[in-house]
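Report on the following structure.
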Amino acid sequence: EQVEDLLFYGAIGVIVGGRVGYSIFYDFPSLIDNPLNLFKVWQGGMSFHGGLIGVLLAFAYFARKTGKSYFQVSDFIAPMVPIGLFFGRIGNFINGELWGKVSDVPWAMVFPSGGPEPRHPSQLYEAALEGIVLFLILWLYSAKPKPVGAVSGLFLLGYGVFRSLVELVRVPDEQYGYLLFEWVTMGQILSLPMIVMGLFFIIRAYQKA
């Protein structure tokens, strides 16, 4: 019953956080111009980082409700999250969205919405790294008991690193483009706090242990 409740709260956190996060991080001028744009989900727009914040808040509520520590909850869920990330990126690939830069690598693909040039299938890169590889890392790491908070920290660190790497070959968001040095994107800037927090949580977990 607790797992069912946790999945329900987590789903609400993903949907609400993902939509609010996109509106704030990637479409803020439109949100200020008309706050009702937040509810226009048919126009698209979901942010992973916003969804993550929503899930973290849902975890906090669930932990308080059940009398568990926050990291007990997040450590339990973290190894399963990459499965959802994998299918989310496969969905991006099927929809032909969030494609990569123009490339001449043998596996480059032409996306109908991306013009006639072949491009990096960056959605598949993310599905492989954020989905399969991160899942295997977390699953193997958590197979034996670890200090509370360490598994959550490893998830944040792993996702932040993998997302930042793929951003190097992914076309940046149209409304922002490159924010620094012609290669730093909003996705990398939002991933940097995840990397720092992940390292902090891992170090803190082992120090406390």
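Some points to look at:
- Single residue of the range 163-183 satisfying the filter (among the aliphatic types (A, V, I, L, M) and either touching a Ser or Thr at 6+ places or on another chain (Cβ under 8 Å) or within 18 Å of His120 (Cβ to Cβ) (or both)) that is modelled with the lowest pLDDT: Leu179
- When each of Gly149, Gly160, Gly153 is tested for being modelled with pLDDT of 90 or more, on the phi > 0 side of the Ramachandran plot and buried (at least 16 other Cβ atoms within 10 Å of the Cβ), the lone residue that passes is Gly149.
- Tally of residues being buried (at least 16 other Cβ atoms within 10 Å of the Cβ), in contact (Cβ under 8 Å) with a residue 40 or more places away in the chain and over 9 Å from Phe162 (Cα atoms) across the range 126-140: 4
- Among the residues of the range 170-195, those that are open to solvent by 40 Å² or more (accessible area, probe 1.4 Å), touching a residue at least 24 places away in the same chain (Cβ under 8 Å) and aliphatic (A, V, I, L, M) comprise Val171, Leu192.
- Failed condition for Gln43, given (1) in contact (Cβ under 8 Å) with a residue 40 or more places away in the chain; (2) polar (S, T, N, Q); (3) open to solvent by 90 Å² or more (accessible area, probe 1.4 Å): (1)
- Restricting the range 179-209 to residues that are among the polar types (S, T, N, Q) and in contact with a Phe, Trp or Tyr (Cβ under 8 Å, 6 or more places away or on another chain), the residue that is farthest from Phe155 (Cα to Cα) is Thr185.
- Scoring Pro29 on the criteria (1) out of contact with any Lys or Arg (no Cβ under 8 Å at 6 or more places or on another chain); (2) of a type outside the set (A, V, I, L, M, F, W, C); (3) over 21 Å from Ser152 (Cβ atoms); (4) open to solvent by less than 50 Å² (accessible area, probe 1.4 Å) leaves a single failure, condition (4).
- Filter result for the condition that a residue is under 21 Å from Ser47 (Cβ atoms) and at pLDDT below 95, over Leu85, Leu129: Leu85
The values are calculated or read from the model by the stated rules, or taken from the named source; none is laboratory data. The model shown is predicted, which means the values in this text are computed figures rather than measured ones. When we count neighbours, we look across all protein chains shown, and the Cβ atoms used for this are built from the backbone with ideal geometry, even at glycine. Heavy atoms of the whole protein, side chains included, go into the accessibility calculation; ligands, DNA and RNA do not. Shrake-Rupley method; radii C 1.70, N 1.55, O 1.52, S 1.80 Å.
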